[in-house]
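A.B. asks: Below: one structure in structure tokens.
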Amino acid sequence: MDINRIETVSSSDLAAFIIEMLNWAINFAAVLAVIMIIVAGFQYITSMGDEKKIANANRSLIFSLVGMILVFIAPSVIQFVIDNFLNI
């Protein structure tokens, strides 16, 4: 590991890396939310009228949809923070 290489890293490289990591995390969260919506659908299908299983499927679906909404709002929040607080 070459410690001298750290001094040559520019702020634009760091900003690009942070943006790339945020994009990766947002994409991963979106895929995970879609998978959880599918799982909630299977929970409904396999509940066979059991109230506890239906309630569990409802809770899973609601949390998955809230997660999906947060994933779609996240880029706007991140852009707001970068523009107003970090000045990148």
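A.B. asks: Considering only residues that are within 11 Å of the chain's Cα centre (by Cα) and of a type outside the set (A, V, I, L, M), which ones fall in region 66-88?
C.D. replies: Residues satisfying the conditions are Gly67, Phe72, Pro75.
A.B. asks: Looking at the structure I just gave you, is Ile19 without any contact (Cβ under 8 Å) to a residue 12 or more places away in the chain and surrounded by 12 or more Cβ atoms within 10 Å (Cβ to Cβ)?
C.D. replies: Yes.
A.B. asks: OK, next. Any residue in region 77-88 that's under 13 Å from Ala15 (Cα atoms) and at pLDDT below 80: show its pairings with residues that are part of a helix (DSSP H, G or I) and hydroxyl-bearing (Ser, Thr, Tyr) at Cβ separation under 9 Å, as long as the two are six or more apart or on different chains.
C.D. replies: These pairs meet every condition: Ile88/Ser11; Ile88/Ser12.
A.B. asks: Looking at Ser47, Ser76, Ser60, which one is surrounded by 14 or more Cβ atoms within 10 Å (Cβ to Cβ) and assigned to a helix (DSSP H, G or I)?
C.D. replies: Ser60
The values are calculated or read from the model by the stated rules, or taken from the named source; none is laboratory data. Being a predicted model, the structure only gives us computed values, none of them experimental. Backbone-built Cβ (ideal geometry, glycine too); neighbour counts: all protein chains shown.
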